[in-house]
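Undergrad: Have a look at this one.
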Amino acid sequence: MHRLLLAALLATATVAGSIVAPAHAGLFDKNPEQVATEAVNKNLIAVTLWVDASWGFRNQGAANALSRAHQAFTTRDYDVVSVEPYIENGDLQGFFVTYQRR
């Protein structure tokens, strides 16, 4: 089920012309500020962002990462559309967060 959700989110992001990137350095070495700036520069209507929760303290670390991502996008006229947790083997791995331009 989770793999289907992941595949659907990635397919939606690709079709919408969005970019997928983590909120912290890692997979693509981009942070929310970089991703939000890139979204504005490319005039993207929607953006799906990966916020990793598998490092450090999952409770506060993930909450802080989500807050930073929300702040980066809100200041650039994007609203949160959805926050989808990704859980693997009972462990929270992170969130797919989708933003849409106002």
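Undergrad: Please work out, to two decimal places, the log10 of the ratio I(q)/I(0) at q = 0.16, 0.23 Å⁻¹ from a Debye calculation in which every Cα of segment 24-101 carries one identical scatterer.
TA: The calculated log intensity ratios at q = 0.16, 0.23 Å⁻¹ are -0.54, -1.06.
Undergrad: Please give me the summed charge of the neighbours of N41: other residues whose Cβ is under 15 Å from its Cβ, Lys and Arg +1, Asp and Glu -1. Intermediate values should be presented prior to the final figure.
TA: On the way: positive: K30, K42, R76, R101; negative: E33, E38, D77.
Every neighbour counted, the sum reads +1.
Undergrad: On a full-extension model of 0.36 nm per residue, what is the gain between L92 and T75, subtracting their alpha-carbon distance, rounded to one decimal in nm?
TA: 3.3 nm
Undergrad: A follow-up question, please. Please give the per residue accessible area of segment 59-102, computed with a probe of 1.4 Å over protein heavy atoms only, in Å².
TA: For segment 59-102, the per-residue accessible area is 55 Å².
Undergrad: Leaving out ligands, DNA and RNA, what percent of the accessible area of segment 24-101 is carbon and sulfur, probe 1.4 Å? List each step's numbers first, then the result.
TA: Values: 2190 of 4320 Å².
Summing carbon and sulfur atoms, their accessible area is 51 percent of the total for segment 24-101.
Undergrad: Right, another one. From largest accessible area down, sort L44, L49; use a 1.4 Å probe on the protein chains.
TA: L44, L49
Undergrad: Would you kindly derive the ³J(HN,Hα) couplings of segment 85-102 from the backbone phi angles with the Karplus curve 6.51 cos²θ - 1.76 cosθ + 1.60 (θ = phi - 60°), listing them in order in whole Hz, with x for Gly and Pro?
TA: Rounded to whole hertz, the list is x, 10, 10, 10, 6, x, 10, 5, 9, x, 9, 9, 10, 10, 10, 10, 5, 5.
The values are calculated or read from the model by the stated rules, or taken from the named source; none is laboratory data. This structure is a prediction, so every number in the text was calculated from the model and none was measured. Neighbour counts are summed over all protein chains in view; Cβ atoms, including those assigned to glycine, are modelled from backbone coordinates with ideal geometry. The protein model used for the area step is the full one, side chains on, heavy atoms only, and it has no ligands, DNA or RNA in it. Shrake-Rupley method; radii C 1.70, N 1.55, O 1.52, S 1.80 Å.
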